[in-house]
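The values are calculated or read from the model by the stated rules, or taken from the named source; none is laboratory data. If you're wondering where the values come from, they're calculated on a predicted model, not measured in any experiment. Cβ atoms come from the backbone with ideal geometry, glycine included; neighbour counts cover every protein chain shown. Keep in mind that these areas ignore ligands, DNA and RNA; they rest on the heavy atoms of the full protein, side chains included. Shrake-Rupley method; radii C 1.70, N 1.55, O 1.52, S 1.80 Å.
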Amino acid sequence: MNVEKQIRDLLNQMTLDEKIGQLHLINGAGGHIPDHLRHTIAEARIGGILNEVNVETVNELQRIAVEDSRLGIPLIIGRDVIHGFKTIFPIPLGQAASWNPAIIKKGARIAAVEAAASGVNWTYAPMMDIGRDPRWGRVAETLGEDPYLTSVLSTAMVHGFQGEDLKNHDSIAACAKHFAGYGASESGRDYNTTNVPENELRNVHLPPFKAAVNAGVATFMTSFSDIDGVPASANELLLKQILRKEWQFDGFVVSDWASVRELIVHGLTANDKESAFEAISAGVDMEMASDTYVRSLKELLDEGAVTIAQIDNMVENILRIKARLGLFENPYTDPAAFPTIANSFHLEAAKQAAVESAVLLKNNNHLLPLSQDLNSLAVIGPMADEPYEQLGTWIFDGDPGLSQTPLRSLRDTLGQSMEIGYARGCKSTRSRGKEDFPEALELARKSDAVLLILGEESILSGEAHSRADVRLPGNQEELIAEIAATGKPVILVIIAGRALALQNIVDHVDALLIAWHPGTMTGPALTDLLTGKVSPSGKLPVTLPKLTGQVPIYYAHKKTGRPASPETFMHIDDIDQGAPQLSIGNTSFHLDAGYTPLFPFGYGLSYSKFHYENIHLSAHELTVGESLTVTAQITNIGGVPADEVVQLYIRDLVGNVTRPVKELKGFQKIHLHSQECVTVEFQLTNEDLSFYNRNMKQVTEPGEFHVWIGGDSDTQLRAEFRLVSP
Ligand code: GLC
């Protein structure tokens, strides 16, 4: 039957109470079904439940909804399945470092299969907020700082979660969150105010959400934060003008946890009724975890503040997704219809994702891969053997019992060929005592090389866990300095949930690998990388600052009217005593940090080396609306086969609004054997060259453009072209 007819026929049979029930999403009771919940469902007074993952319980909840209620409308069952369900993949920020949509789609597909086996049919993912502030704890959940990369990778996640057809038994509805601008929380403090001018909102924060709509995402979630003074859960510009009118989204919008009632706390409303009115008027269909709709809707209807047509539209949006999920035909879950949880295929995929997520930032004297001649290796650090901590944030259903840690994997793999000693060095990543230093230093002194595995425990990133100082926490920096003073070769692997400020330690180590929180298969992935079984291939999805004070710092910044340069920057230590005010120039830099990051967006080394040359354009002048072909030659000039992420950037030199100095508009991950040379081709379309102007219109303007191809955002391999009016 036609879905629209199906839901319209059903709507016409529903009472007002049953309609209001569909708008209500409540938290599960942890595997139990208390009588009051049984009655609530039988009376059709809720439309969905979140955080219930016991499949027997979910089936009984659905049975009550389908068999005991008057119209038998099934429930939607939500859960935060963010980077895996039982088998945990790298945190999304880590997955983004793989720049591999296929492996990200595969991870989401596996997460969907494992979650659906538990009765979950809706995940609150992908999170596609733009993450440009590592102080913000939720940057761990983002796909990085760039709108284009985030658009491509969140599209892959939507396809992974939702499968070929939402009706499939192992498909789950995805949720584009948090709409919108949440990543701009002031000072990186979670839930804080955001002030994002509409032009920046449209050019930076919204593209991934638009891509998600184009990918067929089933639902949206509003963010907690207020944006330009109007919280997202009451923001008509976002939910009505942009999402519905401009993008024609036809799924449903859910609030974040109690974000409707929190409109009172924001000071936008004075009570539940006003909150319900504001959220409904803006376009929030389903209220999560607060009950202002249930409490106020009848009164609002009686007063004429809200119309039954509005309610019907909200209910239809929800019923539409339930119908597309096939819940009316198949509301129950048969666990036997699913593969074994955390099977070898799932674990292997998680390992591959972890391998491709790791970013090699430094490798002096080719210290990595580990030499076969090593007789002993000192593994030191509080993250070397932590089954839970390596999983990262948002792993409600993850199983640390499945985790394979770096220490154990290294011993399994190398234990026969070298002595692998272990010392914690620090009680935790946050501890400040030095009582564990002596043991670590003694082990270092008697070993041929040191492998430090440091970073952040899981709790130090994620929701509500922001940090004002993004250096390595605790006294890890001191540990690194003292270990370095032993004179031994030092490899540092960082397991963390954010871009850290590493200026104080980068010179103390010979090799540096960022692995983010790599998930269940951290150990085998790092072992394959450190032993050279596979070369690192990750590229930074976020800029790494020297110091916290540089934040926010990102590659796609504006030129400003006074850009800094090596010629105009002077470091605080180099200024003459008594220097007069104008002696060091007036351009945009920090006296004590300069204007460049420690490592740029898109950067990452491998065990080989790639040479870029011969960038070529299909034309140097084209008419607005035409496409351009851009090619370049890449050669693996190193001695081993390796992957490389070839990146394409543009710059629109003059625009109706100022444009970034570079913008990512394409990437391809290629595998080259030693000495192999390929020509990589990109198409630049009219859409790629467009932006929102000061009138909020998407335009492509005539004028000069630069285009680069390279292995990171600092690439200098450039060509130029001109767009002319038709
Ligand atoms: C949380 C988060 C949101 C999550 C929801 C349900 O507070 O902000 O991302 O999906 O509540 O757990």
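Answer yes or no as to whether Thr269 is among the polar types (S, T, N, Q) and either out of contact with any Lys or Arg (no Cβ under 7 Å at 6 or more places or on another chain) or within 16 Å of the ligand (Cβ to nearest atom) (or both).
Working: among the polar types (S, T, N, Q): yes; either out of contact with any Lys or Arg (no Cβ under 7 Å at 6 or more places or on another chain) or within 16 Å of the ligand (Cβ to nearest atom) (or both): yes.
Yes.
Go through the stretch 248-297 and report how many residues are among the charged types (D, E, K, R) and touching a strand residue (DSSP E or B) at 6+ places or on another chain (Cβ under 7 Å).
Within the stretch 248-297, the subset among the charged types (D, E, K, R) is 250, 256, 261-262, 272-274, 278, 285, 287, 291, 295.
Within this subset, residues satisfying the condition of being touching a strand residue (DSSP E or B) at 6+ places or on another chain (Cβ under 7 Å) are 256, 285, 287, 291.
Qualifying residue count, the stretch 248-297: 4.
In this structure, is Phe705 surrounded by 14 or more Cβ atoms within 10 Å (Cβ to Cβ) and under 27 Å from the mean Cα position of the chain (by Cα)?
The answer is no for Phe705.
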Index of the failed condition, Ala108 passing every other in (1) open to solvent by 30 Å² or more (accessible area, probe 1.4 Å); (2) part of a helix (DSSP H, G or I); (3) of a type in the set (A, V, I, L, M, F, W, C); (4) within 16 Å of the ligand (Cβ to nearest atom) | (1)
Can you give me the ranges of the strands (runs of 3 or more DSSP E) entirely in the stretch 578-683 with at least 2 residues that are of a type in the set (Gly, Ala, Ser)?
-> none
Criterion violated by Ser185 - all others in (1) under 30 Å from Ala337 (Cβ atoms); (2) among the hydroxyl-bearing types (Ser, Thr, Tyr); (3) open to solvent by less than 10 Å² (accessible area, probe 1.4 Å) satisfied = (1)
Which one is most open to solvent (accessible area, probe 1.4 Å) among residues in the stretch 256-274 that are in a helix (DSSP H, G or I) and in contact (Cβ under 8 Å) with a residue 24 or more places away in the chain?
-> His266
List the pairs whose first member sits in the stretch 182-198 and is modelled with pLDDT under 95, whose second member is not in a loop (DSSP other than H, G, I, E, B), and whose Cβ atoms are under 8 Å apart, counting only residues at least 6 apart or on separate chains?
-> none
Can you find a residue in the stretch 208-230 that is surrounded by 23 or more Cβ atoms within 10 Å (Cβ to Cβ), free of Cβ contacts under 8 Å to residues at least 40 places away in the same chain and outside any helix (DSSP H, G or I)?
-> no
Among residues belonging to the stretch 231-249 that are aliphatic (A, V, I, L, M) and open to solvent by less than 40 Å² (accessible area, probe 1.4 Å), point out the one that is nearest to the ligand (Cβ to nearest atom).
-> Ala232
Residue in the stretch 42-65 that is least open to solvent (accessible area, probe 1.4 Å), counting only those that are in contact with a Ser or Thr (Cβ under 7 Å, 6 or more places away or on another chain) and assigned to a helix (DSSP H, G or I) | Val58
Among (1) farther than 29 Å from Leu598 by Cβ; (2) within 16 Å of the ligand (Cβ to nearest atom), where does Ile130 come up short?
-> (1)
Only one of these conditions is not met by Met288: (1) under 27 Å from Asp165 (Cβ atoms); (2) open to solvent by 70 Å² or more (accessible area, probe 1.4 Å); (3) within 16 Å of the ligand (Cβ to nearest atom). Which number is it?
-> (2)
Do the conditions hold for Thr429, that is, is it surrounded by 21 or more Cβ atoms within 10 Å (Cβ to Cβ), closer than 30 Å to Glu114 by Cα, at pLDDT 95 or above and under 29 Å from the mean Cα position of the chain (by Cα)?
-> no
Exception for Ile26 within (1) touching a residue at least 60 places away in the same chain (Cβ under 8 Å); (2) more than 16 Å from the ligand (Cβ to nearest atom) falls at (2)
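To keep it simple, each residue is scored yes or no on (1) at pLDDT below 95; (2) under 26 Å from Thr548 (Cα atoms); (3) β-branched (Val, Ile, Thr).
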| residue | (1), (2), (3) |
| --- | --- |
| Ala444 | no, no, no |
| Val450 | no, no, yes |
| Glu456 | no, yes, no |
| Gly462 | no, yes, no |
| His465 | no, yes, no |
| Ala499 | no, yes, no |
List pairs: first in the stretch 127-144 and open to solvent by 10 Å² or more (accessible area, probe 1.4 Å), second of a type in the set (Asp, Glu) and away from the ligand (no atom under 12 Å from the Cβ), Cβ under 7 Å, 6+ apart or cross-chain?
-> Arg132/Glu145
With criteria (1) within 16 Å of the ligand (Cβ to nearest atom); (2) not in a loop (DSSP other than H, G, I, E, B), Ile483 comes up short on (1)
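Residues checked against (1) in contact with a Gly (Cβ under 6 Å, 6 or more places away or on another chain); (2) of a type in the set (D, E, K, R); (3) open to solvent by 20 Å² or more (accessible area, probe 1.4 Å):
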| position | (1), (2), (3) |
| --- | --- |
| Glu626 | no, yes, yes |
| Asn636 | no, no, no |
| Ile650 | no, no, no |
| Cys677 | no, no, yes |
| Phe682 | yes, no, no |
What single numbered condition from (1) at pLDDT below 95; (2) in contact with a strand residue (DSSP E or B) (Cβ under 8 Å, 6 or more places away or on another chain) fails to hold for Gln372?
-> (2)
Assess whether Ile130 counts as being touching a His at 6+ places or on another chain (Cβ under 6 Å) and either outside any helix (DSSP H, G or I) or closer than 17 Å to Lys539 by Cα (or both).
-> yes
Which one of these does Ser154 not meet: (1) over 12 Å from the mean Cα position of the chain (by Cα); (2) within 15 Å of the ligand (Cβ to nearest atom)?
-> (1)
Which listed residue, of Val355, Val315, Val359, is over 30 Å from Ala449 (Cβ atoms), open to solvent by less than 60 Å² (accessible area, probe 1.4 Å), out of contact with any His (no Cβ under 8 Å at 6 or more places or on another chain) and among the hydrophobic types (A, V, I, L, M, F, W, C) | Val315
Of (1) in contact with a Lys or Arg (Cβ under 9 Å, 6 or more places away or on another chain); (2) open to solvent by less than 10 Å² (accessible area, probe 1.4 Å); (3) of a type outside the set (A, V, I, L, M), Gly94 satisfies every one except (1)
Read through the list (1) within 16 Å of the chain's Cα centre (by Cα); (2) surrounded by fewer than 24 Cβ atoms within 10 Å (Cβ to Cβ), then give the number of the only condition that Ala176 fails.
-> (2)
Options Tyr555, Tyr603, Tyr595; residue that is open to solvent by 60 Å² or more (accessible area, probe 1.4 Å), at pLDDT 95 or above and within 34 Å of the chain's Cα centre (by Cα) | Tyr595
